[in-house]
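So the structure is just underneath, and the comments pick up after that.
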Amino acid sequence: MAVERPIAPGKVKIDDLINEDDRLTKLIYSYLVSATAWLIFGSLVGLYLAIRFIYPDFGVAQWLSFGRLRPIHTNVVFWGWTSLAMIALALYVIPRTSQRPLFSIALARKALYVINASILIGVIYLFMGYNNGGQEYREFIWPAMMLFALGIISHTLNFYKTISLRGTKEIYISNWYILAAFLWTIVVVVIAYIPWYQNALGETVIQGYYMHMGVGMWFTPLVLGLTYYFLPLLLNKPIYSYSLGVLAFWTQMVFYSLIGAHHFVFAPIPWWLQTVAIVFSIGMVITLTAGTGNFLLTMKGSFRKVARSYSLPFILVGVIFYFLASAQGSLEALREFNQLWHFTNYTIAHSHLTMYGFVVFLIWGGIYALLPRLTGKEPSHLLIGIHFWFALLGLLIYGFALMIGGTMQGKSWIEGLPFIHSVELMIPYWIWRAVGGTFMFTSHIIFAYNLYKMKPLPHPHKQIDLAGEQI
Amino acid sequence: MKLNFSENHKLLFSVVFFGFIALSILIAIIPAIEVNSNDPMCGVNTLTPAEFRGLNTYVSEGCLYCHTQQVRPLQLDKVFGRPSSPLDYSYLTPLDQIRMTPAVLGSERTGPDLSNIGNRQPSEIWHHIHLYNPRSVVKSSIMQAYPWLYEIKENPDSNDLVIPVPDEYAPKNGKVVATQKAKDLVAYLLFLKQKPIEGISQIEESTSKNLSGSDAGAQLFNTNCASCHQQNGEGISKTFPPLKNSATVNSDNPDKHIRTVLFGLKGEAINGIVYPAEMPPQKDNLTNEQIAEIINYERSSWGNNGKKITADDVRKIRAEGK
């Protein structure tokens with residue numbers, strides 16, 4: 001009799017189920033369903049746009065035009081998919097690490113409706129050509145973005161209350177990052193949408209601030225906070241250094257806040273502002289090294305565990321991309337490199353390496369770590385593996401194609417060749433980008449199926465709370 | 001009260017919240033107010049109602065996702081005009097009660113910079129043909145086509161702006177007529193002319209530093225002339241005249257050729273055809289040396305065999321004036 005050989009090396013089944021309030025489990029699941037619906041929609045739009053670079057006359061209709069779909073792609077994956085997915089995980093992590101039930105489940109449920117409404121309204125208006133002004137990630141008109149802010153504010157209150165009533169003496173480091181991300185984002189959105197100081201170039205200064213903080217004071221701290229919980233949970237050991245986490249936290253707040261203007265190096269905005277941004281961009285290496293070092297040192301000695309887990313590989317990839325892609329960002333701020341790469345497709349590669357390689361991989365790691373434990377239902381390990389490899393392979397193809405192509409574009413401009421040359425030379429790289437995008441999109445479909453497989457039972461029988469998930 | 005961040009949530013989150021507000025005021029709001037102030041260009045640098053409607057279309061169709069309006073003080077940006085000044089943007093205000101000031105500076109240069117497009121390509125007709133289908137004038141362009149900005153009319157009346165789209169791209173029946181929206185958008189594009197600003201001048205010339213003779217000429221031609229006359233010198237039938245086998249280009253007396261490049265041409269019949277688009281003057285865009293390179297390239301390419309000229313010939317005609 002032939003020995004049965006598994007297609008993939010066996011991953012360990014989870015055995016430490018969490019005994020959690022059913023209402024919270026269902027709420028978290030509904031956040032993830034919304035998030036994943038936006039992911040499928042947003043990345044489908046992205047893939048369609050990638051194809052348009054190769055076939056510019058593919059589907060000529062006003063509402064399918066590049067200029068209308070591009071902001072839909074970016075805003076949907078930012079505010080719809082990534083934000084809702086991170087909030088879903090935070091809804092678990094904050095009460096858990098505060099050892100106190102969530103202050104109000106009803107409020108969190110209402111916030112989901114409000115945020116979904118915000119994105120839906122914003123997207124419908126963008127389809128109609130009602131763009132706030134083409135400021136990247138700020139394209140939703142203010143009535144739509146106000147609803148988003150409302151959702152964020154209600155979560156802030158909910159989480160603050162939960163933390164202030166905590167059952168522990170100390171505030172766990174995750175909650176520093178998570179709640180700070182909410183507080184910072186409220187400030188960022190309010191400043192970005194007040195029009196008084198935004199005539200002429202005033203808008204550009206605020207845009208440098210906004211597009212930068214929108215990423216780095218929302219997605220980065222929130223997903224890092226989640227990782228400070230999930231990584232130790234999965235490895236069943238404490239984080240390597242609490243102090244390194246605290247150092248990274250404060251430098252994130254001070255350094256990162258000052259570097260928004262590095263998106264406008266050589267633009268006619270004040271030179272001192274650009275120089276401050278460049279200097280602190282390099283300062284970010286401290287934050288970056290402290291954060292990544294902390295995670296990698298926590299993993300040290302447990303890499304067998306990483307290989308045997310299906311969620312830890314996502315987290316490992318996320319941590320590596322956190323370091324590489326952020327370091328790349330600092331490099332791009334230097335005037336020498338900026339001259340070569342700014343305005344080219346290199347920047348598109350960078351934004352996907354950070355948002356996808358770093359943020360989204362950490363989110364997937366968190367989802368695969370949490371949901372099976374909450375619902376007691378595990379998706380097929382093989383399908384998680386396919387999701388992982390398709391997403392990673394797709395991202396690498398995407399990233400390398402545009403980094404190489406973008407560099408060639410920059411060189412073509414520096415050599416003073418006719419502009420159209422920089423378009424013609426990009427065609428093969430844009431084809432590879434679409435290939436990478438197809439892999440990524442396929443992985444999202446598989447992820448959606450896996451999510452469906454982890455759906456909570458309508459009447460779950462109570463599971464025994466096993467040790468292991470506690471920090 | 002304990003002064004310990006990890007045990008005192010009020011302290012921790014107050015520092016996080018108010019500290020960030022303080023940093024934001026310092027790094028965003030104060031500099032924004034600084035550059036937001038009114039300036040002497042206000043009143044000069046303003047949009048007509050048509051240009052303003054054009055700006056609206058520019059934003060809602062997302063032109064600014066592929067085109068920058070930001071000439072940096074770098075050698076590689078020189079081809080797009082002089083370095084941008086804060087004054088260039090003084091016309092920008094919130095579009096209406098719902099929308100904010102548009103971010104025309106852009107972040108991506110999938111297509112060329114448009115800061116000075118009104119000078120670089122002043123032909124209204126060219127812009128319409130290009131918007132109707134960019135590939136009809138620039139073969140390898142990947143720009144979005146905007147046919148919905150145009151109507152197809154069987155019998156356009158005399159008030160209609162009929163667009164001479166090349167046959168290959170034109171509809172089988174009827175004529176392409178520009179809608180008001182298309183006219184407004186082109187009005188905004190033609191508004192984008194860099195005005196002279198004291199203290200800001202073109203950075204030093206060294207474009208053709210590594211090139212000589214026909215290489216430099218070919219490059220200058222492709223950058224400045226090929227969007228109408230095409231890389232193969234054949235132009236576009238009934239829209240832009242060919243340079244291949246052109247009498248002016250092949251004649252022994254180059255004066256007319258030089259004069260056309262320097263001062264432009266409009267409404268003149270060439271081989272019995274009056275072309276709808278005008279030839280824009282290049283005297284302010286190109287130096288005598290560059291014009292000589294281009295003309296010599298034209299006179300020695302695509303089977304042409306005209307007499308070569310020097311920069312001095314261009315200088316002489318420039319001095320004579322139109």
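The values are calculated or read from the model by the stated rules, or taken from the named source; none is laboratory data. These numbers come from a predicted model, not from an experiment. All Cβ positions, even for glycine, are placed from backbone atoms using ideal geometry, and neighbour counts span all protein chains on display. Keep in mind that these areas ignore ligands, DNA and RNA; they rest on the heavy atoms of the full protein, side chains included. Shrake-Rupley method; radii C 1.70, N 1.55, O 1.52, S 1.80 Å.
If you count, for each residue, the other Cβ atoms within 10 Å and average over each peptide, how do A:216-229, B:276-289 line up from highest to lowest? Write out the running numbers ahead of the final one.
Values: A:216-229: 26.4, B:276-289: 17.1.
My ranking of the peptides, most packed first, is A:216-229, B:276-289.
Shielding of A:138-145 by partners, i.e. mean partner chain Cβ atoms within 10 Å per residue? List each step's numbers first, then the result.
Details: counts 2, 6, 0, 5, 4, 1, 1, 0.
Across A:138-145, the average partner-chain Cβ count within 10 Å equals 2.
Judged by the ratio a/c of the largest to the smallest principal axis of the C-alpha gyration tensor, the range B:250-322 counts as oblate, that ratio being 1.5 or greater while a/b is no larger than b/c. Here's the picture: charge each Lys and Arg Cβ at +1 and each Asp and Glu Cβ at -1 in the range B:213-320, and of B:Ala269, B:Met279, B:Val249 the one pushed furthest to the positive end of that dipole is B:Ala269. Solvent-accessible surface, computed for protein heavy atoms with a probe of 1.4 Å, shrinks by 30 Å² or more for the following residues of the range A:261-283 when the other protein chains are added to the isolated chain: A:Phe264, A:Phe266, A:Pro268, A:Pro270, A:Trp272, A:Leu273.
Taking every C-alpha pair closer than 8 Å and separated by at least 6 residues, the mean separation divided by the residue count of chain B gives a relative contact order of 15 percent.
When the trypsin sites (Lys or Arg not before Pro) in the range A:96-196 are filtered for DSSP coil states and for at most 11 other beta-carbon atoms within 10 Å of their beta-carbon, the remaining sites are A:Lys169. Ordered from highest to lowest accessible area with the whole protein assembly present and a 1.4 Å probe, A:Ile94, A:Ile446, A:Ile414 read as A:Ile414, A:Ile446, A:Ile94.
Seen through its C-alpha gyration tensor, with square-root eigenvalues sorted a ≥ b ≥ c, chain B comes out prolate because a/c lies at 1.5 or above while a/b is bigger than b/c.
From the helices alone, meaning DSSP H stretches of at least four residues, give me the mean residue ellipticity at 222 nm for chain B, per-run term -39500 (n - 2.57), in deg cm²/dmol to the nearest 500. Intermediate results must be reported in sequence, preceding the final value.
Details: 12 runs with 111 residues, N = 322.
The helix contribution divided over chain B gives -10000 deg cm²/dmol.
A straight Cα-to-Cα reach below 16 Å connects B:Lys316 with the lysines B:Lys256, B:Lys283, B:Lys308, residues fewer than 8 places away in its own chain not being considered. Relative to the dominant Cα principal axis of chain B, helix B:180-191 is inclined by about 90°. Accessible area per residue (1.4 Å probe, heavy atoms of protein chains only) ranks A:Phe66, A:Phe439 as A:Phe439, A:Phe66, with the largest value leading. Taking the longest Cα principal axis of chain A as reference, the axis of helix A:83-98 is set at about 40 degrees.
Taking Cα atoms only, the orientation of helix B:213-224 departs from the longest principal axis of chain B by about 60 degrees.
In Å², and per residue, what accessible area does chain A have when probed at 1.4 Å with the other protein chains present?
Numbers: 16840 Å² over 471 residues.
Result: 36 Å² per residue.
Heavy-atom accessible area buried between chains A and B is around 7600 Å² (1.4 Å probe, both sides summed). With a ≥ b ≥ c the root eigenvalues of the C-alpha gyration tensor of the range A:172-301, is it rounded (a/c under 1.5), prolate (a/b larger than b/c) or oblate? Since a/c reaches 1.5 and a/b is larger than b/c, the shape of the range A:172-301 is classed as prolate. Shown for chain A is the translational diffusion coefficient from the Stokes-Einstein equation, using the Kirkwood radius over Cα pairs, a temperature of 10 °C and a viscosity of 1.306 mPa s: 69 µm²/s. Rolling a 1.4 Å probe over the protein chains gives B:Lys266 an accessible area of about 150 Å². Report, ordered by chain and residue number, the aspartates and glutamates lying within cross-link reach of B:Lys322, taken as a straight Cα distance under 16 Å and ignoring same-chain residues fewer than 8 apart. Here the aspartates and glutamates satisfying the reach criterion relative to B:Lys322 are B:Asp255, B:Glu268, B:Glu278, B:Asp284, B:Asp313.
Among residues other than B:Arg109 whose Cβ falls under 12 Å from its Cβ, what is the net charge (Lys/Arg +1, Asp/Glu -1)?
Values: positive: B:Arg72; negative: B:Asp77, B:Glu108, B:Asp113.
Taking every Cβ under 12 Å from that of B:Arg109, the sum is -2.
Solvent-accessible surface of protein heavy atoms, probed at 1.4 angstrom with all chains present, puts A:Arg68, A:Arg23, A:Arg100 in the order A:Arg23, A:Arg100, A:Arg68, largest first.
Rounded to the nearest percent, how much of the accessible area of the range B:10-157 (1.4 Å probe, protein heavy atoms only) is carbon and sulfur? Write out the running numbers ahead of the final one.
On the way: 3220 of 5150 Å².
In the range B:10-157, the share of accessible area belonging to carbon and sulfur is 63 percent.
In the context of the full protein assembly, A:Ile194 retains an accessible surface of approximately 40 Å², using a probe radius of 1.4 Å and ignoring ligands and nucleic acids.
Of all the accessible heavy-atom surface of chain A, with the other protein chains kept in place and a 1.4 Å probe, what percent is carbon and sulfur? Before the final figure, lay out the partial values.
Working: 11960 of 16840 Å².
Whole-percent figure for carbon plus sulfur exposure: 71.
Using just its DSSP H runs of length 4 or more, each adding -39500 (n - 2.57), chain A gives a mean residue ellipticity at 222 nm of -23000 deg cm²/dmol after division by all residues.
Do the alpha carbons of any pairs in A:Lys13/A:Lys110; A:Lys11/A:Lys169; A:Lys300/A:Lys377; B:Lys175/B:Lys195; B:Lys78/B:Lys183 sit beyond 31 Å of each other, and which pairs?
Working: A:Lys13/A:Lys110 35 Å; A:Lys11/A:Lys169 37 Å; A:Lys300/A:Lys377 29 Å; B:Lys175/B:Lys195 36 Å; B:Lys78/B:Lys183 29 Å.
Going by Cα-Cα distance, A:Lys13/A:Lys110; A:Lys11/A:Lys169; B:Lys175/B:Lys195 fall outside the 31 Å limit.
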